[in-house]
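This report refers to the structure that appears directly beneath it.
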Amino acid sequence: MSQARQSLDESSQALQVLLARRAQLADALRAQQILAAELPGLDASVSAAVARIDTVQKSLVDAEKRTAEAVRSAGELGSKGTLAKHDFAAGILDVLGVLLVDGRTASAAKQILDELAREYGGDGLPADLQERASALGGVIAKLGA
């Protein structure tokens with residue numbers, strides 16, 4: 001009888017180990033099911049982040065091109081030596097046109113346009129410069145300044 005009792009005890013212990021292992025596997029299965037349910041949302045989030053990164057990268061490339069154009073325009077403006085008032089104002093409008101990228105630059109551009117108009121004098125900007133300034137003012141308004 002003692003051997004039967006020992007076999008019964010061993011079987012009971014083995015059953016306890018199997019039940020504990022079954023509970024662990026059930027927990028692991030639940031965790032995997034939860035993770036599988038969240039993966040589509042995570043995939044969408046990653047895709048959206050990649051799209052935003054692409055947009056930022058394109059904006060940076062555009063900003064780099066605009067900055068290079070502004071530096072070129074400023075260099076041309078400075079290389080002319082003594083400038084007539086008209087040429088100076090035209091150069092400022094050239095640089096502003098290149099640098100208008102978003103609302104952050106639009107506010108400063110509006111201030112520069114306003115200052116240019118004030119400094120030009122009582123008759124205001126000549127027609128060709130006024131036309132360009134008005135066009136820039138429209139861009140500034142669209143950008144929210």
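The values are calculated or read from the model by the stated rules, or taken from the named source; none is laboratory data. Because the structure is predicted, anything quoted here is derived from the model rather than measured. Cβ atoms come from the backbone with ideal geometry, glycine included; neighbour counts cover every protein chain shown.
Here Ala84 meets the list (1) at pLDDT 85 or above; (2) among the aliphatic types (A, V, I, L, M); (3) exposed (fewer than 10 other Cβ atoms within 10 Å of the Cβ); (4) within 30 Å of Gly137 (Cβ to Cβ) almost entirely, failing just condition (1). Residues in the range 92-115: is at least one more than 24 Å from the chain's Cα centre (by Cα), assigned to a helix (DSSP H, G or I), at pLDDT 80 or above and farther than 23 Å from Ala68 by Cα? Looking for residues that are more than 24 Å from the chain's Cα centre (by Cα), assigned to a helix (DSSP H, G or I), at pLDDT 80 or above and farther than 23 Å from Ala68 by Cα, one finds at least one in the range 92-115, hence yes. Taken as a whole, the condition of being at pLDDT 85 or above, more than 26 Å from Thr55 (Cα to Cα) and among the charged types (D, E, K, R) applies to Asp128.
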